[in-house]
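One structure is given below, encoded as structure tokens.
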Amino acid sequence: MPQAHMEETDREGAVGGRTSTSARARARRLLDRWRDGGIWRRGLILAALAIILGLLMAFHASLPNDIGNLGSLFETFLPWFGLAVPVLLVLALVRRSATALIALLLPAIVWLNLFGGLLGDQTGKGGNLTVATHNVDADNPDPATTAKDVAAAGADILALEELKTSAVPTYEKTLASTYKYHSVKGTVGLWSKYPISGAQTVDIEMGWSRAMRATVATPHGKVGVYVAHLASVRVKFKAGFTANQRDASGAALGRAIRSETEQKVILLGDLNGTVNDRSLAPVTSQLRSAQGAAGSGFGFSWPASFPMARIDQILVKGMDPVSSWTLPETGSDHLPVAASVKI
């Protein structure tokens, strides 16, 4: 072998050997750091935070509502607390803390138990009735376009909330070609392709009409349909989560549904709360969430620009939800939501 070629080969081998040795040394040092006893002593604060997070999510129903409705506020945004898990995971890896990594199993398992089912597609087939609901926003600058958009979804039954008196004729005119029957009570309304009877206001103790009930004669039998817009909630610095009026209106709506004589019931509307909020139990304990049973994802509906919570609900009794979804943004601050059910 020529001398020049041998020298070149030797240099390459030396360089390759040094590179390989250096890589092995770095890997060995990293492994040694994880093997030393410090991996159990480091990250104790991170481990404590992980355990607290897991316990809060696991026992959210035990958080007190006496001070600022803290429990309801926590439950409204409960799914978002899962974002803390990957953050803590990265910090645990940076700190090289085995203790923190093991502790993170608790919040991860709790979150998956609560919401893991929503990560997959639960939609099915075979629905024979499609319903939709939309808080159209009293300050909506273009009610006609909003009405066209929600009508295009093809729902058999459509509920609208936060109807401004001056805008009602626009909604009635625009929806007339799609829905032969309709009834408006105060700020809520019901549009249907099938006959409506017995439409009446439901008193939810707010001083004006924000809920109604009617019977819809579908081809598959009569259905008691409720449309409701519960009291709004606010988050204030001193008062906390001001939901007392919402809770009272929810309790009144729950009593009305409890006295319902129809076996098949649908509740459509803006409940200003999620199904996780224990304060809405008078309603949610009697009905089944279409999104929870047959939705794909969380189905957040508010605010429309960056949805963070599903406060617009389709709840049913005496029928099976088949699919549930959100509709495209309109001129409202809420997204419309729809569902297909099988009667």
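Numerical summary
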item: Contact order relative to length of the chain, as percent, for alpha carbon pairs under 8 angstrom and 6 or more apart; result: 18
item: Alpha-carbon centroid distance for the pair the range 102-139 / the range 56-91, whole angstrom; result: 17
item: Estimated inter-spin distance, D139 and I109, nm [label 7 Å along Cα→Cβ]; result: 4.8
item: Under 15 Å from the A251 label point (7 Å along Cα→beta-carbon), backbone N, the range 43-77; result: 65-66, 69
item: Packing-based exposure ordering (other Cβ within 10 Å, fewest first) of M206, M212; result: M206, M212
item: The range 36-118 shape via C-alpha gyration tensor axes, a/c threshold 1.5; result: prolate
item: Proximal lysines relative to K164, as straight alpha-carbon distance under 22 Å, when same-chain residues fewer than 8 apart are discounted; result: K148, K173, K180, K185
item: Rounded to 10°, Cα long-axis angle of helix 3-35 versus longest principal axis of the chain; result: 60
item: Fewest-first ranking of K193, K342, using other Cβ atoms within 10 Å as the exposure measure; result: K342, K193
item: Label-point separation in nm, F77 to S197, each point 7 Å along Cα→Cβ; result: 4.8
item: Potential extension, A281-D333 segment - 0.36 nm per residue separation minus Cα distance; result: 16.2 nm
item: Among G207, G269, G68, residue whose mean-square fluctuation peaks in a GNM of the chain (springs only between Cα atoms under 10 Å); result: G207
item: Förster-model FRET efficiency, 45 Å R0, T261 and K125, C-beta, rounded to 0.05; result: 0.90
item: Distance-filtered residues of the range 135-167 - backbone nitrogen under 18 Å, label point 7 angstrom along S305 Cα→Cβ; result: 136-142
item: Cα gyration tensor shape for the range 258-335, rounded if a/c is under 1.5, else prolate or oblate; result: prolate
item: Extension gain from A48 to N244, taking 0.36 nm per residue of separation minus the Cα-Cα distance; result: 67.2 nm
item: Within the range 209-225: backbone nitrogen closer than 12 Å to the T165 label point (7 Å, Cα to C-beta); result: 209
item: Leading residue at positive end of dipole, the range 187-343 (Cβ point charges), from A248, S332, G198; result: A248
item: For the range 52-69, Karplus couplings with θ = phi - 60° (6.51, -1.76, 1.60), whole Hz, Gly/Pro x; result: 4, 4, x, 5, 4, 6, 5, 10, 4, 5, 8, 5, x, 9, 5, 10, x, 6
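No lab work stands behind these numbers, since they all come straight from the coordinates. Values in this document were obtained by computation on a predicted structure and should not be read as measured data. Please note: Cβ atoms are built from the backbone with ideal geometry, for glycine as well, and neighbour counts cover all protein chains shown.
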